[in-house]
Amino acid sequence: MGGPAAPDSTWKGALNVSYNIGPGFVDNFSTRSVLTLTFRIDIVCLFADRYIILGGHRDSWVFGGIDPSTGAAVLQEVVRSFGTMKMEGWRPKRTIIFASWDAEEFGLLGSTEWAEENARVLQERAVAYINTDSSIEVWKIKSCPDEGYENKSLYDSWLEKDPAPENNITDKFTCSFFQKTDKFSNYPVYHTVYETFELVEKFYDPTFKKQLAVAKLRGKLVYELADSQVIPFDCRDYGEALKGYSDRIYKLAKKHEEQLKTYRVSFVSTPLLCAGLPTTRPGCPVF
Ligand SMILES: [Zn+2]
């Protein structure tokens, strides 16, 4: 990148390059366009201006046999199923947006560009975003087929395979659907040249039933969110999850108090406390 050098070592990585903070680039850079595809089921209804979004990326680090192709396949299967229902006359109560992101592996660029471009409308109208990525690790909820566990619920089969205490949700119907972003994939070929379609076909999901189970789960989730009169969502769980994230950001920010002061970044957003603070933008400088 071009622009001034990074202010201190915390901004620098281990590569033998100069770490600048932009904007723009130095010489010898190449560009590649980012193509995000979105399509939607529009409706004329009371909740038409409320959006349920199902999205997943389709670019890969190498061959992407699992990440993202199993997730992209799930997205396409859900779209196909909803398309069939639409042709039969079904219309959801809320608008559904399907998104296929480009350039996820390089810093979530595709989805970030789209979210920034539509930030205002998303802030006002988006109800939920469901992500669909690697789909060989089958998740929770009832009555979905997981190969070898046909007589059990999907949740029970998932718990049996991964009985960690945090996965044991006693009240299955009020669990929050926050994706855990702090845990990276736990399959050993992640992002390697060995992550091929052949590997999925021979070892991970030979009958493709795992991907089907995930498609049913994510499809059902989108269906419930889009078509229920009252959104099946527990604000208390949501609040708790948000508080957890904000606590983590706050603790991280505490390590950089000097920079927060220099750049006038604050967690405090009440008008009283902000009064008198010089700011170039209308409103308070909010982190
Ligand atoms: Zn991915």
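Rule-based calculations on the coordinates, nothing more; no lab input. Values in this document were obtained by computation on a predicted structure and should not be read as measured data. Using ideal geometry, Cβ is built from the backbone for each residue, glycine included, and neighbour counts are taken over all protein chains shown.
A few notes on this one:
- In range of the label at residue 187: residues from the range 206-243 whose backbone nitrogen is under 20 Å from the point 7 Å along Cα→Cβ: 206-219
- Additional length obtainable on full extension of the chain from residue 86 to residue 19, 0.36 nm per residue less Cα span: 19.0 nm
- The amide H of residue 20, built 1.01 Å from its N in the peptide plane, has 6 as neighbours under 5 Å, considering only residues 5 or more places off or on other chains.
- Nitroxide proxy distance, nm - points 7 Å out along Cα→Cβ at residue 257 and residue 117: 4.3 nm
- 25 Å Cα-Cα threshold exceeded, pairs from 161/220; 93/209; 86/152: 93/209; 86/152
- Cut-off 11 Å between beta-carbons: net charge of the residues surrounding residue 74, Lys and Arg +1, Asp and Glu -1: +2
- Residue by residue, the range 116-131 carries 3J(HN,Hα) couplings of 5, 5, 10, 3, 5, 5, 5, 4, 8, 10, 6, 8, 7, 10, 10, 9 Hz when phi is fed to the Karplus relation 6.51 cos²θ - 1.76 cosθ + 1.60 (θ = phi - 60°); x denotes Gly or Pro.
- Converting phi to 3J(HN,Hα) with the Karplus coefficients 6.51, -1.76 and 1.60 and the offset θ = phi - 60°, the range 51-65 yields 10, 10, 10, 10, x, x, 8, 10, 7, 9, 6, 10, 8, x, x Hz in sequence order, with x at every glycine or proline.
- Extension gain, residue 164 to residue 224, is 18.9 nm, computed as 0.36 nm per intervening residue step minus the present C-alpha separation.
- Residues 218, 236, 125, sorted so that the one with the fewest Cβ neighbours within 10 Å comes first: 236, 125, 218
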